Amino acid sequence: MVASVIDSIAEEYKDKIKVVKVNTDQNPSTASEYGIRSIPTLMIFIDGQKVDLVVGAVPKTTLLNTLEKYINI
């Protein structure tokens, strides 16, 4: 459900952001490292530092509002 929203944002803003998906079943150590306990969990990083987190299936507008805090969309 969220995958299509993420794909859409990734395509629309490909010149401004980099979107990476991680399968937590295949990468449990990464999930553990970042404290991911619920799927979907969306993290925003700037210069390698986590600056924000969105947990759960949220509308595209909510994700874009969160991104607006960090980039000029």
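The values are calculated or read from the model by the stated rules, or taken from the named source; none is laboratory data. Since we're looking at a predicted model, the values are computed, not measured. Cβ sites come from the backbone with ideal geometry, for glycine too, and all protein chains shown count toward neighbours.
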Given the conditions (1) at pLDDT 95 or above; (2) over 14 Å from the mean Cα position of the chain (by Cα), every one holds for ASP47 apart from (1)
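Suppose we filter the stretch 22-44 for residues that are closer than 22 Å to ASN72 by Cα and loosely packed, with under 13 Cβ neighbours inside 10 Å; how many remain? Step through it out loud before you land on a result.
Within the stretch 22-44, the first condition is being closer than 22 Å to ASN72 by Cα, and the residues that meet it are 42-44.
With the extra rule that they be loosely packed, with under 13 Cβ neighbours inside 10 Å, the set shrinks to none.
Of the residues in that region, 0 qualify.
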Could you list all residues from the stretch 1-21 that are within 18 Å of ASN72 (Cβ to Cβ) and surrounded by 10 or more Cβ atoms within 10 Å (Cβ to Cβ)?
ILE9, ALA10, GLU12, TYR13, LYS14, LYS16, ILE17, VAL19
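Taking LEU63 as the residue in question, decide whether it is of a type outside the set (S, T, N, Q), surrounded by 11 or more Cβ atoms within 10 Å (Cβ to Cβ) and either part of a strand (DSSP E or B) or touching a Phe, Trp or Tyr at 6+ places or on another chain (Cβ under 9 Å) (or both).
Details: of a type outside the set (S, T, N, Q): yes; surrounded by 11 or more Cβ atoms within 10 Å (Cβ to Cβ): yes; either part of a strand (DSSP E or B) or touching a Phe, Trp or Tyr at 6+ places or on another chain (Cβ under 9 Å) (or both): no.
Answer is no for this residue.
Given the condition touching a Lys or Arg at 6+ places or on another chain (Cβ under 8 Å) and either assigned to a helix (DSSP H, G or I) or hydroxyl-bearing (Ser, Thr, Tyr) (or both), answer yes or no: does some residue in the stretch 33-48 qualify?
The initial filter retains those residues of the stretch 33-48 that are touching a Lys or Arg at 6+ places or on another chain (Cβ under 8 Å), namely 34, 43-44.
Applying the additional criterion that residues be either assigned to a helix (DSSP H, G or I) or hydroxyl-bearing (Ser, Thr, Tyr) (or both) yields 34.
Yes: one or more hits.
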Could you tell me how many of the residues in the stretch 1-49 are more than 17 Å from ASN65 (Cα to Cα), of a type in the set (A, V, I, L, M) and in contact with a helix residue (DSSP H, G or I) (Cβ under 7 Å, 6 or more places away or on another chain)?
1
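Are any residues in the stretch 9-32 of a type in the set (Asp, Glu) and assigned to a loop (DSSP other than H, G, I, E, B), and if so, which ones? Give the derivation first.
Of the residues in the stretch 9-32, the ones of a type in the set (Asp, Glu) are 11-12, 15, 25.
Those that are of a type in the set (Asp, Glu) and assigned to a loop (DSSP other than H, G, I, E, B): ASP15, ASP25.
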Tell me yes or no: at least one residue of the stretch 50-60 is in contact (Cβ under 8 Å) with a residue 12 or more places away in the chain, part of a helix (DSSP H, G or I) and out of contact with any helix residue (DSSP H, G or I) (no Cβ under 9 Å at 6 or more places or on another chain).
no
